[in-house]
Amino acid sequence: MWDTCSVQLNVRLPKDIARQAEEVQKSDPEFLSRVVLYGLTRRSIYRHLRDQSAAPSAPEADAPRM
């Protein structure tokens, strides 16, 4: 599949959400890992698409039509 490694994340969350995250981490740590992976993947895709749309277009596309 993928070459993976563990990382330690520290995040600051509102107390009620932090409690829920702790409960999920205890009951289903794999689910929490998938949620984080999903969020990071979406962010990566968004940045890639944003960077592509911000790149200058091909010169022939900018040439005036006659």
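The values are calculated or read from the model by the stated rules, or taken from the named source; none is laboratory data. Because the structure is a prediction, the values reported are computed rather than measured. With ideal geometry, Cβ positions are generated from the backbone for all residues, glycine too; neighbour counts draw on all protein chains shown. Ligands, DNA and RNA are stripped out before the accessible areas are found, and what is left, the full protein with its side chains, is counted by its heavy atoms. Shrake-Rupley method; radii C 1.70, N 1.55, O 1.52, S 1.80 Å.
Points worth noting:
- Percent breakdown of C-alpha pair distances by 10 Å bin, ordered from the shortest bin, for the range 4-59: 18, 37, 23, 14, 6, 1
- For residue 45, the accessible surface of its heavy atoms amounts to roughly 90 Å² (probe 1.4 Å, protein chains only, rounded to the nearest 10).
- DSSP-assigned coil residues among chymotrypsin sites (Phe, Trp or Tyr not before Pro) in the range 1-51, each with at most 15 further Cβ atoms within 10 Å: 2
- Given R0 = 22 Å, the distance between the Cβ atoms of residue 12 and residue 50 translates into a calculated FRET efficiency of 0.25.
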